[in-house]
1. How large is ³J(HN,Hα) for each residue in segment 57-65, as worked out from phi by the Karplus curve 6.51 cos²θ - 1.76 cosθ + 1.60 (θ = phi - 60°), to whole Hz, x for Gly and Pro?
2. Of Val167, Val156, how do they rank once you tally other Cβ atoms within 10 Å and put the fewest first?
3. Among Ser143, Ser95, rank each residue by its count of other Cβ atoms within 10 Å, from fewest to most, as a rough exposure measure.
4. Using the alpha carbon gyration tensor of segment 5-102, what are the three equivalent-ellipsoid semi-axes (square root of 5 times each eigenvalue), largest first, in whole Å?
5. Can you tell me the length gained on complete extension of the stretch His115 to Leu92, counting 0.36 nm per residue apart and subtracting the Cα distance?
6. At R0 = 41 Å, how high is the FRET efficiency between Arg61 and Phe10 if r is their beta carbon distance? Nearest 0.05 is fine.
Amino acid sequence: MNISPDALQFIIYGAIALFVLGIVLSILARSKGGGDDEIANQLEKALPGAQCAQCGYPGCRAYAEAMANGTASCNKCTPGGQDTIDNLASILGVSVPTDESEDAIFTPRKVAIIHESLCTGCTKCTRFCPVDAIKGSPRNAHSVIENECIGCNECVNKCPENCIELVRLEPTLANYNWELRPIRFKGTN
């Protein structure tokens with residue numbers, strides 16, 4: 001296959017133009033923002049990275065931006081635990097909010113349940129579970145280990161069969177997690 005000199009020249013100039021455009025956009029993206037963006041980056045690094053939305057925001061980045069803007073308090077990350085809340089308060093330079101309501105103390109935990117009659121055993125949910133709370137083998141119905149599940153919603157988003165549901169557990173003595181431990185995923189700082 002022969003490429004004419006004009007076509008080759010067009011490809012080379014196009015590649016150079018795209019490269020220069022990428023550099024310009026990168027510089028503009030870095031210069032945009034400022035103090036709030038830097039604080040949001042620090043807050044996002046301090047969060048566990050579960051993207052579980054239990055704080056009421058669609059992910060850790062959105063929650064970090066809301067904290068940096070002053071529209072969210074730093075005590076909403078349930079999976080992160082008290083250590084994460086203390087770290088977020090330190091980054092923001094505020095004291096840890098104290099919420100004395102019973103709802104804050106006994107926040108119902110969310111867990112995934114798999115409707116086994118609908119599950120085909122495709123294993124897509126097991127690949128995306130960050131804490132390996134789903135058990136089962138290929139082509140067989142899967143189930144969730146309730147004590148391990150952090151309610152991150154990843155399996156619900158990835159299930160092609162729509163057989164997984166995130167449910168709130170009623171807070172009882174039987175299912176209350178007395179030994180709450182913060183989680184930290186590999187690859188986060």
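1. With coefficients 6.51, -1.76 and 1.60, one gets 10, x, x, 5, 5, 5, 5, 5, 5 Hz.
2. Lowest to highest Cβ neighbour count: Val167, Val156.
3. Lowest count first: Ser95, Ser143.
4. Square roots of five times the eigenvalues give 42, 14, 9 Å.
5. Residue separation times 0.36 nm, minus the Cα-Cα distance, leaves 4.1 nm.
6. Efficiency computed from Cβ-Cβ geometry: 0.55.
All of the numbers you see were taken from the coordinates with simple rules; none came from a lab. Just so it is clear, the structure is predicted and the values come from calculations on it, not from any experiment. For neighbour counting, all protein chains shown are included, and Cβ atoms are generated from backbone atoms with ideal geometry for every residue, glycine included.
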